[in-house]
Structure formats: structure tokens, C-alpha cells
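Heads up: the structure comes next, in C-alpha cells.
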Amino acid sequence: MKLYIYEHCPFCIRTRMLANYKNIDIPLEYLAMNDTDTPTSLIGKKMSPILEKLDGTRMGESLDIVKYLDNIDSPILKSYESTNDNIKNWLEKLSKDNLFSTLYTPEMVARDLPEFKSQEDIDFIVNRFKKNTGLSIQEALKLKDELLAKVHPLLEDLGELITSDSYVNQEFSIDDIILFPNVKRLFTIPGVVFPKKVLAYAERVSLAVKLPLKD
Ligand SMILES: N[C@@H](CCC(=O)N[C@@H](CS)C(=O)NCC(=O)O)C(=O)O
């Protein structure tokens, strides 16, 4: 098997979480951000993650991949759809009015990620960000303090939503697979301060799925 991913992509992190939690060893192949041909040749569109199965067929859609991988042997997840509306609503608030993307995109393009090796890869994301938000990277950076002031109360709210001492629900579930990638990405933004409960949650899940919070 092989997993085609972007390092920054939360949907890709979902599939890596499940594979790592279950110790399924899958080689990773990083797609370049500006490469439309490879993903299109694999699944007909520019979208990752993509799983290439042992029989050579490919599949997209992170939650379908999670389900497929979980069912290779004794499944651990009870559901493949979120059962926790609070988490879904929280994630919507985090991305509302481009809050998350305006904070995250400048940090993302400044990092040495495998999908941003060429100037064309960086231009691809910067141009799309400008189209979606009307902002340049420099303008987004100027908003940082204002945006952090909105994210911090949201993180306090998230602490209240994590009800068990280990995971979002009583055991590792699809809600962790949906939430954690976004929490992990917040750790790459300097200046974000995490309430104790969220920090403890993130560290626990990070260990369980063998994905560092900062890479
Ligand atoms: N519903 C898809 C969404 C995947 C998705 O949106 N992936 C993004 C990266 S985070 C992507 O490949 N977008 C195409 C692009 O960035 O050009 C899934 O769950 O796998």
C-alpha cells in the first residue's frame, strides 16, 4: 500500500492517525502542491489523501480510507461518522471567516514542508489564499494578534468539550480523528497558548497515534 499526502493536510493526518494507531505500516509519498497531474491520474482530481491499495486500485476521501484501513483486521472504531456535534460546531467556529486559515497559512508556507519545495508550490497556495480571503501573506501576518485573541477563547471552550481523561469521548474514536489534526496544526503557530486540558489531550493523542505535535 501507499499513501499520497500533503504534510499540512488535516484530512491526510486523519488517515495517518488510524494507520499509526493500529501499527499499519504504509509508505508515504508527498505530492507537490502545484502538481495536478499525479493526483488526477490516480483518482481523477487534485485531492489528497489518496490510498493505493495492495491490488493497485486507489481510493480518496479520508474517512473512507480510515474505514478501509480499520477493517483490514479487527476494527477499533465503532463509527466512521462523527457522533459529537459539539466537536463539529467547534471546528466550524475555528474556520469561520477564515480565522484558522488566516493564522495558519503564513506559518505553513514559511515551514520547510515537502509539498512546498518549489516557488510554484508556494505561489499555488499563496494565490489561492489571496483569492479566498482577499489578503496577502504580509497582510495576514499583521492580523496575527487580533486572530490569536479570537482563538484563545475557542481553545478554552474546547477544554470544556473534552470530557474524558483520555479522548474526546470515552475511548479513541472518529471524533479524535476529526479533531486532533486541527489541534495539531495549531501547535505549529507560534503564540498560540493552550489551556492545560487541551495540551494534555493533544499530548495523549499525539503519543497514541505516533504523530508529533510539532514537526
Ligand atoms: N473530503 C476530502 C477532502 C480532502 C481535501 O480537501 N484535501 C485537500 C488538502 S487539505 C486537497 O487535496 N485539496 C486540493 C488542493 O489543495 O489543491 C477528504 O476528506 O479526504
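In the neighborhood of Lys130, defined by Cβ-to-Cβ distances under 15 Å, what is the net charge if each Lys or Arg adds +1 and each Asp or Glu adds -1?
+1
How big is the C-alpha Rg of segment 1-73 next to the rule-of-thumb value 2.2 N^0.38 Å, as a ratio?
1.01
Given contacts defined as C-alpha pairs under 8 Å and at least six residues apart, what's the relative contact order of the chain, whole-number percent?
23
Subtracting the Cα-Cα distance from 0.36 nm times the residue separation, let me have the gained length for Asp145 to Asn23 in nm, one decimal.
Additional length available on full extension: 39.9 nm.
Work the Kirkwood hydrodynamic radius out for the chain: mean of 1/r over every pair of different alpha-carbon atoms, inverted, in Å.
That comes to 18.1 Å for the chain.
Which residue, Gly56, Gly159, Gly44, tops the fluctuation ranking in a GNM of the chain built on C-alpha contacts under 10 Å?
Gly56
Relative contact order for segment 85-208 using alpha-carbon pairs under 8 Å, separation at least 6, rounded to a whole percent?
28
Report, in listed order, any pair from Lys22/Lys117; Lys46/Lys96; Lys22/Lys96; Lys53/Lys197; Lys53/Lys131 with a Cα-Cα distance greater than 27 Å.
Check vs 27 Å cut-off fails for Lys22/Lys117; Lys22/Lys96; Lys53/Lys197; Lys53/Lys131.
Treating the beta-carbon of each Lys and Arg as +1 and of each Asp and Glu as -1, no other charges, what is the dipole magnitude of the chain about its Cα centre, to the nearest 20 debye?
180
Values in this text are rule-based calculations from the coordinates and carry no lab data. Remember, predicted model here, so these are calculated numbers, not experimental data. Don't worry about glycine lacking a Cβ; one is built from the backbone with ideal geometry, like all the others, and counts go over all protein chains shown.
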